[in-house]
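The values are calculated or read from the model by the stated rules, or taken from the named source; none is laboratory data. Everything numeric in this text was worked out from a predicted model, so none of it was measured. When we count neighbours, we look across all protein chains shown, and the Cβ atoms used for this are built from the backbone with ideal geometry, even at glycine.
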Amino acid sequence: MEDKARYVALKILSEIDEKKVFSNIRLNQYFKKYNLSSLDRAFATEIVYGTLRWKLKIDYLIQKFSKKDLKDLNVWALNCIRIGVYQIFLMDKVPEFAAVNQSVVLCKLKAPRLSGFVNGILRNIIRNKQEFDIINEKDKTKYLSIKYSHPKWFIDYFIKYFDENFLIHLMDANNQAPELTVRVNTLKSSKENLKAKLISRGIKVKDGQLKESLIIEEVGQIEKMQEFLDGLFYVQDQSSMMASIILNPKPGEKVIDLCAAPGGKATHMAELMENTGEIIAFDVHEHKINLINENSKRLGIDIIKPMLKDATVFIKNLKITLTRSF
């Protein structure tokens, strides 16, 4: 296969729609499976996260040129169109013909009868490029929702508390590609020691805004770094870290995490609790329970007890005396 990067991106986006997989975990799995180069990894990552960020706006545009409702389209073919639109309008230095041709080629792998449809939609969109930025919607909320690719409920909620200019700046910020942030595992290392280790190996790193966060720049396969394998850090956005910091669990307490996989917040709480006490970690998927166990083992945490449970369903025989709920 010549175009591994686009194929991996397309495969992940389709699995997100069909199986609700975690994008970051699938990216790492497929990077290994298909042996992608650093350049291809960056390209695939950009397509996956960029398409997800702008999905609402991309789908709005596709629907304008499709006689079929998008929910009735083949998932693989639809994502071929989505990544094509993303490359054409939102990526630099990707020729239009390359974006279209590769989407058609990839469509033929799993939905060959729809390759002509994919080709036609993308070429029609290119001929009407102005439609991407000029959205003729009289409903102001819907206009903002589409233009900045945020759900309508988000606009309806925050417009009650902030003026429109602030809300636009907020959505603009949300649409920026995030920095690669890691949480130092304080059970095994201090922030200063981990930072020094990384710098000594020529890795660019700077302090994050939170005391346990570091921002890593220009790193290749992070899951192959010795510091990662040794459990010295966990890849996690600072906004996600804030939840555990606000809860502020104490050593010896008992906490329940009702939607725990892949274990970012649960393991963070365990570190804050100095690995003493108990964290009950629910998730509804067995493979995600395995992720919690894998991450706990790598980080040296043994107080997390994963359970295959659905927190939306009353569990009559489950008796847990909690200190905190999360």
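Quick check on my filter: what residues within the range 74-97 are free of Cβ contacts under 8 Å to residues at least 12 places away in the same chain and buried (at least 17 other Cβ atoms within 10 Å of the Cβ)? Steps first, answer last, please.
Kept after step one, since they are free of Cβ contacts under 8 Å to residues at least 12 places away in the same chain, are these residues of the range 74-97: 92-95, 97.
Once the filter is applied, which keeps residues that are free of Cβ contacts under 8 Å to residues at least 12 places away in the same chain and buried (at least 17 other Cβ atoms within 10 Å of the Cβ), the range 74-97 yields only 94.
Return yes or no: is residue 194 in a helix (DSSP H, G or I), farther than 30 Å from residue 154 by Cβ and at pLDDT below 95?
Numbers: in a helix (DSSP H, G or I): yes; farther than 30 Å from residue 154 by Cβ: yes; at pLDDT below 95: no.
Answer is no for this residue.
For residue 135, all conditions in the list (1) part of a loop (DSSP other than H, G, I, E, B); (2) over 22 Å from residue 62 (Cα atoms); (3) over 22 Å from the mean Cα position of the chain (by Cα) hold save one; what is the number of the exception?
Every condition holds for residue 135 apart from (2).
Can you tell me which residue among 189, 149 is in a loop (DSSP other than H, G, I, E, B) and under 30 Å from residue 275 (Cα atoms)?
Details: 149 fails: under 30 Å from residue 275 (Cα atoms).
None of the other options fit; the residue is 189.
Among what's in the range 1-52 and is assigned to a helix (DSSP H, G or I), of a type in the set (Asp, Glu) and buried (at least 16 other Cβ atoms within 10 Å of the Cβ), pick the residue that is farthest from the chain's Cα centre (by Cα). Even if it seems obvious, please write down each step before you answer.
Here is the first cut: in the range 1-52, the residues assigned to a helix (DSSP H, G or I) are 4-19, 23-33, 38-52.
Now restrict to residues that are of a type in the set (Asp, Glu): 15, 17-18, 40, 46.
So of that shortlist, the ones also buried (at least 16 other Cβ atoms within 10 Å of the Cβ) come out as 15, 40, 46.
Working: 15: 13, 40: 18, 46: 11 Å.
Per the stated criteria, the residue is 40.
Given the options 14, 23, name the one that is small (Gly, Ala, Ser) and at pLDDT 95 or above. I'd like the intermediate steps shown before the answer.
Values: 23 fails: at pLDDT 95 or above.
Selected residue: 14, the only one of 14, 23 that is small (Gly, Ala, Ser) and at pLDDT 95 or above.
Any idea which residue in the range 208-263 is nearest to residue 42 (Cα to Cα), counting only those that are aliphatic (A, V, I, L, M) and in a loop (DSSP other than H, G, I, E, B)?
Let us first name the residues in the range 208-263 that are aliphatic (A, V, I, L, M), namely 210, 214-216, 219, 222, 225, 229, 232, 235, 241-243, 245-247, 255-256, 258, 260-261.
Imposing the further condition that a residue be in a loop (DSSP other than H, G, I, E, B) reduces the set to 210, 219, 225, 232, 258, 260-261.
Details: 210: 26, 219: 11, 225: 17, 232: 24, 258: 33, 260: 28, 261: 25 Å.
Looking at residues that are aliphatic (A, V, I, L, M) and in a loop (DSSP other than H, G, I, E, B), I get 219.
Give the residue that is surrounded by the fewest Cβ atoms within 10 Å (Cβ to Cβ), with candidates limited to residues of the range 98-144 that are hydroxyl-bearing (Ser, Thr, Tyr) and at pLDDT 95 or above. Lay out the reasoning, then the answer.
Residues of the range 98-144 hydroxyl-bearing (Ser, Thr, Tyr): 103, 115, 141, 143.
Imposing the further condition that a residue be at pLDDT 95 or above reduces the set to 103, 115.
On the way: 103: 26, 115: 18.
For the range 98-144, the residue satisfying everything is 115.
Hey, among 166, 162, which residue is among the aromatic types (Phe, Trp, Tyr) and more than 25 Å from the chain's Cα centre (by Cα)?
So the residue among 166, 162 that is among the aromatic types (Phe, Trp, Tyr) and more than 25 Å from the chain's Cα centre (by Cα) is 162.
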